[in-house]
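Shown next, in structure tokens, is the structure this report addresses.
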Amino acid sequence: MQKIQLAGVLLTQAKGFTAHCPDVDVYADGATPAKAKRGLRESIEIYLDATIASDKPWRRPVSRGEDPRRTYPDAVVEKFSIKCSYSGQLK
């Protein structure tokens, strides 16, 4: 099992929180910040495993014009780094 560290952004929503990884454009929602972050880690790990299995490049960064840090700066609660596990070789 290998690890990778990626950027994360926590956003507040009307009901709960959304965690986003702009490096791979993956999102997860949760009732609390911890649940949103946990869901994001799980979603990223599933995404990485799928890209490895399909032999596709893993990096899929969000465009500057769609980055919530720029488009919804008032909703940003926290910027954080997230460590995710994967097995195999990333392209």
remark   = Here the qualifying pairs (Cβ atoms under 9 Å; residues six or more apart or on different chains; first in region 21-35 and touching a residue at least 60 places away in the same chain (Cβ under 8 Å); second among the aliphatic types (A, V, I, L, M) and crowded, with 16+ Cβ neighbours inside 10 Å) come out as Cys21/Leu6; Cys21/Val9; Cys21/Ala28; Cys21/Leu40; Cys21/Ile44; Cys21/Val62; Cys21/Ile82
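Okay, residues lined up against (1) part of a helix (DSSP H, G or I); (2) aliphatic (A, V, I, L, M):
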site: His20; (1), (2): no, no
site: Ala50; (1), (2): yes, yes
site: Arg60; (1), (2): no, no
site: Asp74; (1), (2): yes, no
query = Restricting attention to region 77-91, which residues are part of a strand (DSSP E or B) and touching a Phe, Trp or Tyr at 6+ places or on another chain (Cβ under 8 Å)?
reply = Val77
ask   = Among the residues of region 59-77, is any modelled with pLDDT under 95 and aliphatic (A, V, I, L, M)?
value = yes
Meets criteria (surrounded by 14 or more Cβ atoms within 10 Å (Cβ to Cβ) and in a strand (DSSP E or B)) for Tyr27 = yes
key: region 50-71 - residue that is out of contact with any Ser or Thr (no Cβ under 7 Å at 6 or more places or on another chain) and surrounded by 15 or more Cβ atoms within 10 Å (Cβ to Cβ) and, of those, nearest to Gly88 (Cα to Cα)   = Ile52
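The values are calculated or read from the model by the stated rules, or taken from the named source; none is laboratory data. Please read these numbers as outputs of a predicted model, since none were measured by experiment. Heads up, the Cβs are rebuilt from the backbone with ideal geometry, glycines too, and the neighbour counts pull from every protein chain shown.
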